Every structure is written in structure tokens, then in C-alpha cells.
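Every number here is computed from the coordinates shown, using simple stated rules; none is lab data. Everything numeric in this text was worked out from a predicted model, so none of it was measured. Cβ placement follows ideal geometry from the backbone for every residue including glycine, while neighbour counts extend to all protein chains displayed.
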Amino acid sequence: MKAIDNKELILALEELESEKGIKKAYLIDAIEQALVTAYKRNFDSAENVKVVMDKETGEAHLYAVKEVVEAAEDDKLQISLENAKKISKKSKIGDTVDVEMVPKDFGRIAAQTAKQVIIQKLREAERDVVYTEFNDRKGEIVSGIIQKADSNIVIMDLGKLEGIMPAKEQIPTEHYHVNDKIRGYVQEVVRGIKGNPQVVVSRACPEFVRRLFEFEIPEIYEGLIEIKSVSRDPGYRSKVAVYSTNPNIDPVGSCVGQKGVRIQNIINELNGEKIDVIEWNEDPAIYIAAALLPAQVLAVDVKEEEKFAQVIVPDDQLSLAIGKSGQNARLAAKLTSWKIDIKSESQFREMIATMQEEQEQTEE
């Protein structure tokens, strides 16, 4: 059988491997499977068949795989030991032998059917290549053009494939429009409808802010400044804790930049989201006090085992320390991974006075 008997096919497969990264062996296997499918479909055969393609010449051979028995009762699936030995002298009962077949007109019919399946396999292989490429880009920032935008999902054209941004990954204060160019953080790559890879993109996750800092602040990209932690209320406020082992580097000042230029670029990308950059400190009391910025802190009492901190602030700083709907305190707690209880100076004095009264009553 010589339906696929030319070196042009092999050259084409080698070209696909070098240009698109689709392995030649994978494509040959796809062609072999396609020819088996074509034979069974067009000849309505129940035979157990296989196709072997010569990897050098491109010539394909069709074989019926038959079980060796003493006397064959089903010629499609069995072969007598006597006939089997004509193919291979080593044959014995229970073995299988390959009997080459050359069906009439099979070359023409098989070529048509095989072509369709090969194209499908090529598409699948290309999707796999793209999937692998983008899967390796998890954690990176990508840019895309919005193709569709509604309250439930934003669909982006990322070039080779599609990016999807679910509602929970969107910044609630932003409005997205078709043809807008936006950036987002690659959270994961999933198989969509028909196996097409899709990139799940986020603009709401803390990692997006972290990556933006790496882009905008050379000292972070170069490893001179380390981002220790990020907490975020998307669209409203983020807190970023930074640190440098180099005493000559001001980590906060480097991130903010001269006249706030560096941090402003990030704020612009996030459409005005406020960003507090604070210096990380191994002393939890100092770190927690800094995390509550812009509020001023009078004292921090920490309980290491419970990771609990009692914070005292001036009376006029209480609402600022807690923040609207508790936002500032909540973000500080997320940033530091400590439980934080904030009291004003007056509240703290009242609490101490009450405790003293209770103690005196107990002693009496």
C-alpha cells in the first residue's frame, strides 16, 4: 500500500517540528491512527488492524493482527499455526502475527480521511504547545485587547490564545470596554471548550501589585529590595511591605521615587488605588505600627505565642487607624499575619481603670 509513500510528507513533518515545535513522532503516530480509522470506517471491518509508517520514506503499511491458533475458525482475527510459521518461523500458539494487507482503493479513501484527522491532530498539538508556553508564564503579567466585557466576565485577545477575567478577578471600581488594552496577572491556564487553552487573568489579586512593583522599581527586580508581603482591597487600597539588607538603600523611598513618580505609575495602572508602602521590620511591634499607616501609633503590646497585638493610638487617630469599614486595620492584619486590636488612648485608660477597680474589689 502506497497511499502515503513519499519523502515530501516526511520533510513536511520535519518542518512542522522545527517551526512549530510539534514532534515528528507525534504526527506519525497520528497518521497511523488516522489510517486505522479510515480502513475500519470505509471497509466496515471488524479486524484488528494496525498501520506502521516508515519514518524515513513515509511509506505506510497496513497489517491485520491475528492470533495464532491450531486451526483458525475466524479468519479475520485468527491464523493457523501452519500459516503463521510461513510469516515467522518462531510463531507458536497464543502469539500474534502481523499479516500485511493491500486493500483495493484503500490508498485514495484513506488519504482523504487521514487528512482530516491529521489536521485535527495538528490543531490539538498546536494547542498543547500554546498551553505549555502559557502555563510556563503563570505568575507573569500579560497585555491583551478586550474582545468582550460585561459584569460577569472580560475576554481578552492575548495573541495566540484567549484570556478570561472572571468577575472576582476584576477590580470593582474599574469599567472595561471593548478594544481597550489592559494588563493582568496570569493566575492559571485551563482547558476551555473543545480543549482550547484559556488564560485566567486577574487584576484584583495581590500578586498583580507585587509584579507591578517589580516592573517599576529596578531595585526590586535586581533583588536589592525585597517585597515581604502584600495585602489588598482591590480598587481601594493596597499595603506593601518592603525590606533591604543594604543599609545604604531606603526601601520605601526607592519604591515611592522622587516626587512619587515611581509609585504614581503603579497607581495609574490601578486607576487611582491608594498604596501604602511600609518598611518591614523583624520586630513585630515596629512592623505592626508601620502597617497601620497613615495612622500614628503610641504603643504596641505583642503576645508572640498568640500572634496578637494590642495597639494604642491617639484619640484623634482611632478612626484613621481602623479605616473606613475597618479597611486599614484589616489590611494591616493581612499584611503582618497578626491579630490586631486597636484602642484609643482614652479607651485604653478607661480599660486600665476598670481593671484596677475590679482588682481592688477582689482584694477587699
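Worth a mention:
- Fewest-first sequence of GLU169, GLU345, GLU100 by Cβ atoms within 10 Å of each Cβ: GLU100, GLU345, GLU169
- GLU100/SER143 FRET efficiency (R0 51 Å; Cβ-Cβ; nearest 0.05): 0.40
- For VAL154, distant residues with modelled amide H under 5 Å away: MET165
- Cross-link table LYS23/LYS115; LYS92/LYS115; LYS24/LYS76; LYS168/LYS343; LYS138/LYS334; LYS76/LYS104, entries beyond 27 Å C-alpha to C-alpha: LYS92/LYS115; LYS24/LYS76; LYS168/LYS343
- Here's the picture: charge each Lys and Arg Cβ at +1 and each Asp and Glu Cβ at -1 in the chain, and of LEU270, MET165, THR37 the one pushed furthest to the positive end of that dipole is THR37.
- Neighbour-count ranking [beta-carbon atoms within 10 angstrom, fewest first] of LEU320, LEU62: LEU320, LEU62
- 18 Å Cα-Cα reach of LYS324 towards aspartates and glutamates, excluding residues that sit fewer than 8 places from it in its own chain: ASP233, GLU273, ASP276, ASP315, ASP316, ASP341
- Annotation: amide H of MET101 within the under-5 Å range of LEU62, TYR63, ALA64, sequence separation 5 or more or interchain, hydrogens built in the peptide plane.
- Percent of beta bridges antiparallel (DSSP, the chain, rounded to nearest 5): 70
- In straight-distance terms, cross-link reach from LYS86 covers every one of the aspartates and glutamates whose alpha-carbon lies under 20 Å from its own, apart from those fewer than eight places away in the same chain; here that gives GLU67, GLU70, GLU73, ASP74, ASP75, ASP95, ASP98, GLU100.
- ASP157 versus GLU67: modelled label distance in nm, points set 7 Å from Cα along the beta carbon direction: 5.7
- Note on GLU8/ASN135: beta-carbon distance plugged into 1/(1 + (r/R0)^6) with R0 of 30 Å gives a FRET efficiency of 0.30.
- Taking all Cα pairs closer than 8 Å and separated by 6 or more residues, the relative contact order of the range 139-202 comes to 36 percent.
- The amide H of ASN48, built 1.01 Å from its N in the peptide plane, has VAL65 as neighbours under 5 Å, considering only residues 5 or more places off or on other chains.
- Phi angles of the range 292-309 translate, via the Karplus equation with coefficients 6.51, -1.76, 1.60 and θ = phi - 60°, into HN-Hα couplings of 8, 3, x, 6, 8, 10, 8, 7, 9, 10, 10, 10, 4, 4, 8, 6, 10, 10 Hz per residue; Gly and Pro are given as x.
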